[in-house]
Amino acid sequence: MSTDWLRDAVIYEIYPQSFADSDGDGIGDLRGAIDRLDHLQWLGVDTIWFNPLFASPFADAGYDVADYLRVAPRYGTNDDLVELVAKARERGIRVLLDLVVGHTSIEHPWFQAELNADGPSPEGDRYVWADDPPLRDTSGDIPGTAAWVRSPGPRPGWYLKNFYDAQPALNFGWGSLPDDEPWRDAVDAPGPRRNRESLQEILDYWLSRGVSGFRVDMAFSLVKDDPGHVQAIALWREIRAWLDEHHPEAVLLPEGPEPRTDGSLAFSADFFLVIFQAHASLFDSGFAGRLPFHEPMEPFFDARGLGTTEIFLRHWDAARDADPQRPIIMASADHDYDRLRCGPRTPEQLGAAWTFLLTWGSIPSIYYGDEIGMRYLPGMPDVEGAICNPAYNRAGCRTPMQWDDGANAGFSSAAAASLYLPVDDAPDGPTVAAQRDDPGSTLNLVRRLIALRRDVPVLGGRASTDVVHGGYPFAYLRGGTHLVVVNPRQQPASLTTGIAAAAEILLGEGCTVSPSDAGIELHLEGFGYAVLALQTQ
Ligand code: BGC
């Protein structure tokens with residue numbers, strides 16, 4: 001399989017609504033993104049992941065697709081996407097799209113056809129319909145999110161949704177088929193088979209146009225009531241086998257760690273997103289809110305210094321033990337939660353986080369704007385389903401990219417009131433332009449760390465990662481030759497490493513190193529960080 005390129009990738013997630021608006025309608029678009037490819041090249045990232053770009057009524061920011069084969073007109077045309085993919089490739093940048101295939105929009109013609117029929121489709125239903133609201137809990141991966149909605153007619157009965165009511169679940173069949181719920185289809189029934197075929201067609205369509213793969217939304221909940229996700233994984237294995245034959249370089253990235261079943265892995269990586277405790281335990285202060293299954297905890301990367309790396313390391317070790325070579329993607333943040341900079345966090349606190357994210361043995365995924373320390377903005381309006389419940393607001397991490405000190409921070413020429421979401425109006429709000437000229441900026445630190453990761457391959461996604469100290473300061477060895485140390489708390493922290501070597505600081509702030517008989521001694525000021533090359537004597 002030649003998806004090996006992923007192990008050296010540095011991903012950059014673009015929420016298209018908010019990245020760059022070229023036509024002045026207040027919403028980002030593909031032409032705007034094309035115009036900003038230079039920024040990404042300068043930064044050093046080599047893989048873009050776009051949130052959904054497809055035709056949609058945007059009840060859930062495009063995670064409600066009405067046509068998988070058509071770019072939403074507000075973003076441009078399919079040709080624009082093809083042009084973007086080609087221009088990105090000229091700069092050594094690949095493009096990944098978001099595949100939201102567990103459900104569609106209610107406006108998708110597939111759903112409209114079944115909604116307007118008076119009974120099951122003779123070719124097999126693409127959606128899950130039942131005459132009476134079923135009694136069993138059919139929740140998928142995300143507790144409480146899968147539920148039944150009364151048909152708005154003419155089709156009688158109820159349909160299964162995945163997230164919002166406007167997102168009916170596609171029918172990929174069921175893992176168990178109890179006699180008293182005859183409406184459940186087996187995974188190889190005609191309806192699920194039609195959907196599998198369509199899934200392959202969608203992949204083929206975009207991969208044939210130069211796209212390098214997909215981040216797959218809710219990938220493991222395609223098959224319902226599927227203990228251990230065995231059937232869902234079998235489906236994805238089938239897709240992987242087909243990709244290996246037709247698009248061998250294409251990657252599929254899941255939303256989270258891939259459940260381990262017997263046999264080969266279907267996805268190209270595990271993904272530690274904020275939604276998962278492993279990531280949340282490091283970074284999430286809960287400023288965007290919490291889902292019911294998120295345990296509140298003090299994140300490790302926080303000034304108070306009350307967190308722990310234990311949970312993260314447990315998940316990391318489990319994934320590494322299961323497959324030592326597997327890429328594990330670790331996001332700075334994403335479109336569903338806090339940003340790296342949220343609540344009272346200041347820019348000086350970000351250095352430790354970035355040093356970790358860009359030198360740990362994972363594949364980094366940088367959420368747009370995090371590279372300049374854009375803030376999570378509380379109290380943003382409910383745009384396109386951003387507010388899931390009163391205590392959980394995703395809009396604060398979806399505000400427009402701050403490019404320069406022009407109108408709307410250079411994001412758009414529209415009137416401020418017509419913007420997708422308000423721009424951060426803090427007088428000291430970070431911008432790309434200001435930070436490019438400032439050698440001490442977050443932006444230049446991120447750029448230097450990416451460049452260092454490329455210059456020193458053991459800092460990348462392939463070499464070993466060995467924890468030297470899991471508390472404050474957090475210290476780990478990469479490839480046995482480089483030591484990274486970060487102190488995310490305000491209070492200083494010291495460590496005697498037991499490593500007998502001379503050490504040269506390649507990049508750092510607030511770190512002093514002194515050799516001693518007991519091994520290298522490190523002293524970190526509050527929020528200090530350093531990457532050191534070791535020379536064993
Ligand atoms: C996406 C969310 C979306 C949900 C439903 C998640 O994987 O990240 O933004 O609302 O799926 O599609």
Q | Qualifying residues in the stretch 392-417 (those that are surrounded by 14 or more Cβ atoms within 10 Å (Cβ to Cβ) and of a type in the set (Gly, Ala, Ser)) - the one nearest to the ligand (Cβ to nearest atom) | A | Ala395
Q: Look through Ala500, Ala451, Ala493 and report the one residue that is out of contact with any strand residue (DSSP E or B) (no Cβ under 8 Å at 6 or more places or on another chain) and within 28 Å of Thr346 (Cβ to Cβ).
A: Ala451
**Q.** Near pairs, Cβ below 9 angstrom, 6+ apart or cross-chain, from the stretch 445-468 (among the charged types (D, E, K, R) and at pLDDT below 95) to any residue that is surrounded by fewer than 18 Cβ atoms within 10 Å (Cβ to Cβ) and not in a strand (DSSP E or B)
**A.** none
Q. Does the stretch 265-277 hold any residues that are at pLDDT 90 or above and either surrounded by fewer than 18 Cβ atoms within 10 Å (Cβ to Cβ) or within 16 Å of the ligand (Cβ to nearest atom) (or both), and which are they?
A. Phe267, Ala269, Asp270, Phe271, Phe272
Q | Members of the stretch 68-109 that are within 16 Å of the ligand (Cβ to nearest atom) and farther than 12 Å from Ala166 by Cβ | A | Tyr68, Ala72, Leu96, Leu97, Asp98, Leu99, Val100, Val101, Gly102
Q | strands (runs of 3 or more DSSP E) completely within the stretch 480-537 that count 1 or more residues being in contact with a helix residue (DSSP H, G or I) (Cβ under 8 Å, 6 or more places away or on another chain) | A | 482-486, 502-514, 521-535
Q: Given the conditions (1) more than 14 Å from the chain's Cα centre (by Cα); (2) part of a helix (DSSP H, G or I), report the number of the one that Ala280 does not fulfil.
A: (1)
Q: Output the strands (runs of 3 or more DSSP E) that fall wholly within the stretch 290-407 and possess 2 or more residues being out of contact with any Ser or Thr (no Cβ under 9 Å at 6 or more places or on another chain), or say none.
A: 387-389
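The values are calculated or read from the model by the stated rules, or taken from the named source; none is laboratory data. Please read these numbers as outputs of a predicted model, since none were measured by experiment. Cβ coordinates were reconstructed from backbone atoms using ideal geometry, including for glycine residues, and neighbour counts include every protein chain displayed.
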